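What follows is a short report on a single structure.
The values are calculated or read from the model by the stated rules, or taken from the named source; none is laboratory data. Quick caveat, the model's predicted, so the values are computed rather than measured. Heads up, the Cβs are rebuilt from the backbone with ideal geometry, glycines too, and the neighbour counts pull from every protein chain shown. Ligands, DNA and RNA are excluded from the accessible area calculation, which covers all protein heavy atoms including side chains. Shrake-Rupley method; radii C 1.70, N 1.55, O 1.52, S 1.80 Å.
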Amino acid sequence: MQRSIILSAALAVLSLTGTAQAQPAAAPAGNVAHGKTLFTSTGCYQCHGYQGQGLGTTGPKLAPTPMPYEAFIRQLRKPRDAMPLYTSKVMSDGDVQDIYAYMLSMPKAKAAADIPLLSRF
Amino acid sequence: MSVDGNDRANRPNVGRRGFLKGAALGGVAAVAAPVVSAAQTANPEGGPPKADPSKPRPVAPAPRSEESTVRPEGVTYSSCGGDYMVDVLRSLNIEYFAATPGNTFMGLHEAVVNYGMLTAPNMRSLTTMHEEASVAMAHGYAKIEGKPMACMFHTTVGLQHASMAIYNAYCDRVPIFMMTGATIDATRRFNNVGWLHAANDTPAMVRDFTKWDDTPGSLRHFGESAVRAWKFSMTPPYGPTLLAVDSLLQEDEIPGGEAKRPPIPKMPRISPPAGEEGAVKETARLLVNAEHPVLFAGRYARTPDGMKMLVELAEALQAPVCDGYNRMNFPWRHPLYQTRRQRVLLNQADVLLALEPSDAFGVTNALDHDGNARPLMSPTSRKISISSVELTPKGNYQDVQRYASDYDLAIEADAEATMPMLIEEVRRQMPASRKAAIEARGQTLAKAHLDEINRAKAGAVYGWDDSPISMPRLTSELWNQIQGEDWSLVSDTNFQSRWQQALWTADKPYRYIGGSGASGVGYSSPAALGAALANQKHGRLSVAIVGDGDLMFGPGILWTAAHERIPLLYIVHNNRGYHMEIMQFQAIANRRQRGVDRVEIACNIDNPFINYAGMAKSLGVYAEGPIDNPKDLGPALKRAIAVVKKGEPALIDVVAQGR
């Protein structure tokens, strides 16, 4: 997926759509809304779930506290285990940043104790 | 050939249209408008025409009848090979006979319906809409009931249909008593289709993945081979067996009548192969002295005692049990159930005992993208396997898995049969000095088990209110409805990411049936129905979560469920695609740097979406859906379970996430 907006434009958009909060120092800024679109269109959800919650053995949980950005992009570019390869040709660094921003933006889920069905286990 | 046999040489030489012989047997009442020849006179008593000795016997107009082995067509008879076969099946305690009808086994099928179903102990004939469904039903049935049921196929094309399901059963080490029709005498086949549906060696096409087969030449031979087939099927490793049963042997009367009915051979009690004593003692010694032993259970538990004994062994050692999910091996909420920690435990283990692993290599090794093995255990650790599968190796299909060169001791025996001796040895060899350390190990493991449950619960909250519905939500909603019932999950948990094992409490051997064996798609829906059939007489609530793609391989099974009134809740895990393949397609496309934009062309089930509830209703099954709002799920499940508890099948279509 080619990134459709240049970084400067993205930063401009971010001012409108909101930049992800509480990013680690090393994580570049990204476009949350675009990251959400990419998360579906590039098939991330197939193995990691629509909210990046992880789907058991197919893909680990990514949100709301993903691995550090360096590890995140390394797993895309030089994947281990069953992770598919995502080169910069199919997912630019900017797209990766946007997806990472989307993962960071995920709200923290409520506690299991607050969900009656789960509290029974 | 024995005198009771139906070998063609011993058959009376009667023409294909055999009126005279038929008359001699008094069977003309069944013959419509017999022609009286010049050599015959009408019988004034209304019986068969009588020969007039004053006139020459007519010459047969054509030699056609002489070209073929004869058949007493038009004759009724009071005994038949099919009835004898039914009695043999009953002697094997076979309760059910599943089949999609076909004319090469009408002789037996008719006997099952008109003799077996009407006389005690009653058999039940089940009608399926695909031979694969017959086998998969028998597969699921065996996993609950622990014994074979019968299924029968039309020759060639029927067996070809059945073949993938047979391969599943073979790889899953499940006993099935299978038969296929065969018209061995070529002169007795119908023109055209009769020849198209014939083979010289019918079982050959599945011989690579059946445990044994035979083509009996007489009724006595059938009896002996049927008992032998059952015996081989039920000797570990279990497996499907096949008899190709001559259609004439089924159809015709017992040569010599009832007085010549062959005896039913005796079935001995089977003593399965247990491990050699010295090897078992050595295994016990390693286990009791290990600091970090691990027990791995693959296709281990084949009887209700299996789980009980593994609990005994694990508790004696306070050793963690990791589960291959192929059987109900160990209670999911036992403190020593540690499957989700398998990698961690193997990493620190000094002794591994693998019980009937389906892939011994895969237990101790991971593979990278290029096929390089990465050991998961220390090179100094000791690895032992107990497996019956290697007692019956075959060369073509590769279910044997990659060679496990890192194991130190391979006990070629049935693990469950070996267990009593192993438990006894562990108890005998356990030094008093080890008891405190072992107890402490158990406490550590119990805490880790609880931590794992809490971790699973914490993980389950993400995506809880999502649409499509998440697997933790689906499995939690289902558990909420069944937890108070005597339930049985008659489907695999793989595609729900094993959330059932993570959250549910399962402590009975029939709570879970495992997977297909060979991952052949189309197994889940019919296997679930077969398992539900077995559960029916025990009054259990059967539930299954089946894939949308899997169901569409054979949706006719829903009609069988309705027609046979088998209570089962089907939940369609509708992720609208061949999800495993979607992920793999993405990986390939990305390695070629083409992106994943077009994956849906190959792997999605959409455009249009399938209305599973509508389909189920058309086949006579109560159904609801598609349900994509998680809040609607619980009430729908409740309504469907009420239907199932009344003795009917039901289906809920749930639009859900990939896994």
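Among (1) crowded, with 18+ Cβ neighbours inside 10 Å; (2) out of contact with any Phe, Trp or Tyr (no Cβ under 9 Å at 6 or more places or on another chain), there is one condition residue B:385 misses while meeting the rest; what is its number?
Residue B:385 satisfies all of (1) crowded, with 18+ Cβ neighbours inside 10 Å; (2) out of contact with any Phe, Trp or Tyr (no Cβ under 9 Å at 6 or more places or on another chain) except (2).
Scan segment B:371-382 for residues that are open to solvent by 40 Å² or more (accessible area, probe 1.4 Å) and more than 20 Å from residue B:285 (Cβ to Cβ) and jot them down. Full working, then the answer.
Of the residues in segment B:371-382, the ones open to solvent by 40 Å² or more (accessible area, probe 1.4 Å) are B:372-375, B:379-380, B:382.
Listed by number, the residues that qualify are B:372, B:373, B:374, B:375, B:379.
Which fully enclosed helices (runs of 4 or more DSSP H) of segment B:524-601 have 1 or more residues being touching a helix residue (DSSP H, G or I) at 6+ places or on another chain (Cβ under 9 Å) and farther than 30 Å from residue B:484 by Cβ?
Details: elements: B:524-536, B:548-551, B:556-563, B:579-591.
Helices (runs of 4 or more DSSP H) meeting the threshold: B:548-551, B:556-563, B:579-591.
For segment A:25-62, which residues satisfy the criterion of being within 11 Å of chain B (Cβ to nearest Cβ), among the β-branched types (Val, Ile, Thr) and open to solvent by 20 Å² or more (accessible area, probe 1.4 Å)?
A:40, A:57, A:58
Cβ-Cβ distance below 8 Å, separation of 6 or more or different chains: which pairs start in segment B:101-114 with a residue that is at pLDDT below 95 and end on one that is hydrophobic (A, V, I, L, M, F, W, C)?
none
Does at least one position in segment A:63-84 carry a residue that is within 11 Å of chain B (Cβ to nearest Cβ), farther than 23 Å from residue B:598 by Cα and touching a residue at least 40 places away in the same chain (Cβ under 8 Å)?
Looking through segment A:63-84, at least one residue is within 11 Å of chain B (Cβ to nearest Cβ), farther than 23 Å from residue B:598 by Cα and touching a residue at least 40 places away in the same chain (Cβ under 8 Å).
Answer yes or no: is there a residue in segment B:196-205 that is farther than 25 Å from residue B:149 by Cβ, surrounded by fewer than 21 Cβ atoms within 10 Å (Cβ to Cβ) and free of Cβ contacts under 8 Å to residues at least 12 places away in the same chain.
Taking every residue of segment B:196-205 in turn, at least one turns out to be farther than 25 Å from residue B:149 by Cβ, surrounded by fewer than 21 Cβ atoms within 10 Å (Cβ to Cβ) and free of Cβ contacts under 8 Å to residues at least 12 places away in the same chain.
Starting from residues that are over 15 Å from the mean Cα position of the chain (by Cα) and closer than 20 Å to residue B:395 by Cβ, keep the ones in segment B:207-231 and report whichever is most open to solvent (accessible area, probe 1.4 Å).
Initial filter on segment B:207-231 (over 15 Å from the mean Cα position of the chain (by Cα)): B:207-208, B:212-229, B:231.
Now drop any that are not closer than 20 Å to residue B:395 by Cβ, which leaves B:207-208, B:212-213.
Working: B:207: 87, B:208: 63, B:212: 57, B:213: 28 Å².
For segment B:207-231, the residue satisfying everything is B:207.
Return the only residue of B:229, B:279, B:244 being within 20 Å of residue B:90 (Cα to Cα) and part of a helix (DSSP H, G or I).
Working: B:279 fails: within 20 Å of residue B:90 (Cα to Cα); B:244 fails: part of a helix (DSSP H, G or I).
After ruling out the rest, the residue left standing is B:229.
Looking at (1) in contact with a strand residue (DSSP E or B) (Cβ under 7 Å, 6 or more places away or on another chain); (2) more than 30 Å from residue A:110 (Cβ to Cβ); (3) of a type in the set (S, T, N, Q), find the lone condition where residue B:496 falls short.
Residue B:496 satisfies all of (1) in contact with a strand residue (DSSP E or B) (Cβ under 7 Å, 6 or more places away or on another chain); (2) more than 30 Å from residue A:110 (Cβ to Cβ); (3) of a type in the set (S, T, N, Q) except (2).
Quick check on residue A:36: is it of a type in the set (Lys, Arg) and over 16 Å from the mean Cα position of the chain (by Cα)? Quick ask: steps written out before the conclusion?
Working: of a type in the set (Lys, Arg): yes; over 16 Å from the mean Cα position of the chain (by Cα): no.
In short, no.
Of B:324, B:395, which residue is assigned by TED's automatic domain parsing to the domain that holds residue B:287, surrounded by fewer than 23 Cβ atoms within 10 Å (Cβ to Cβ) and within 30 Å of the chain's Cα centre (by Cα)?
Details: B:324 fails: surrounded by fewer than 23 Cβ atoms within 10 Å (Cβ to Cβ).
That would be B:395, the only listed residue that is assigned by TED's automatic domain parsing to the domain that holds residue B:287, surrounded by fewer than 23 Cβ atoms within 10 Å (Cβ to Cβ) and within 30 Å of the chain's Cα centre (by Cα).
Among the residues of segment B:405-434, what is the count of those that are modelled with pLDDT under 95 and closer than 24 Å to residue B:376 by Cα?
Final tally of qualifying residues: 1.
Please state which one of B:404, B:417 is away from chain A (no Cβ under 14 Å) and within 26 Å of the chain's Cα centre (by Cα). Before you say what the answer is, go through the steps one by one.
Details: B:404 fails: within 26 Å of the chain's Cα centre (by Cα).
Exactly one residue qualifies, and that residue is B:417.
Report, ordered by the first and then the second residue, all pairs with beta carbons closer than 7 Å, sequence separation of six or more or different chains, a first member in segment B:442-466 that is in contact (Cβ under 8 Å) with a residue 40 or more places away in the chain, and a second member that is open to solvent by 30 Å² or more (accessible area, probe 1.4 Å) and outside any loop (DSSP other than H, G, I, E, B).
B:448/B:341; B:452/B:340; B:452/B:341
Scan (1) within 14 Å of chain A (Cβ to nearest Cβ); (2) over 30 Å from the mean Cα position of the chain (by Cα) for the single condition residue B:440 breaks and write down its number.
Unmet for residue B:440, out of (1) within 14 Å of chain A (Cβ to nearest Cβ); (2) over 30 Å from the mean Cα position of the chain (by Cα): (1).
Tell me, yes or no, whether segment B:342-354 has at least one residue that is among the aliphatic types (A, V, I, L, M) and either within 12 Å of chain A (Cβ to nearest Cβ) or open to solvent by 50 Å² or more (accessible area, probe 1.4 Å) (or both). Please lay out each step first, then the result.
As a first pass, look at segment B:342-354 and keep what is among the aliphatic types (A, V, I, L, M): B:344-346, B:349, B:351-354.
Next, only the ones that are either within 12 Å of chain A (Cβ to nearest Cβ) or open to solvent by 50 Å² or more (accessible area, probe 1.4 Å) (or both) stay: B:344.
Within segment B:342-354, one or more residues are among the aliphatic types (A, V, I, L, M) and either within 12 Å of chain A (Cβ to nearest Cβ) or open to solvent by 50 Å² or more (accessible area, probe 1.4 Å) (or both).
Identify, by number, the condition in (1) out of contact with any Asp or Glu (no Cβ under 7 Å at 6 or more places or on another chain); (2) within 14 Å of chain A (Cβ to nearest Cβ) that residue B:467 doesn't meet.
Among (1) out of contact with any Asp or Glu (no Cβ under 7 Å at 6 or more places or on another chain); (2) within 14 Å of chain A (Cβ to nearest Cβ), residue B:467 violates only (1).
Could you please find all residues in segment B:261-280 being under 29 Å from residue B:421 (Cα atoms) and either open to solvent by 70 Å² or more (accessible area, probe 1.4 Å) or not small (Gly, Ala, Ser) (or both)?
Listed by number, the residues that qualify are B:267, B:268, B:269, B:270, B:271, B:272, B:273, B:276, B:277, B:280.
When only residues in segment A:85-121 that are in a loop (DSSP other than H, G, I, E, B), open to solvent by 30 Å² or more (accessible area, probe 1.4 Å) and more than 24 Å from residue B:458 (Cα to Cα) count, which is farthest from the other protein chains (Cβ to nearest Cβ)?
Restricting to residues being in a loop (DSSP other than H, G, I, E, B), open to solvent by 30 Å² or more (accessible area, probe 1.4 Å) and more than 24 Å from residue B:458 (Cα to Cα), the top hit is A:88.
State the number of residues belonging to segment B:479-488 that are in contact (Cβ under 8 Å) with a residue 40 or more places away in the chain and within 10 Å of chain A (Cβ to nearest Cβ). Reasoning before the result, please.
Just the residues of segment B:479-488 that are in contact (Cβ under 8 Å) with a residue 40 or more places away in the chain, to begin with: B:480-482, B:485-488.
This time we only want the ones that are within 10 Å of chain A (Cβ to nearest Cβ), so: B:480.
Selection size over segment B:479-488: 1.
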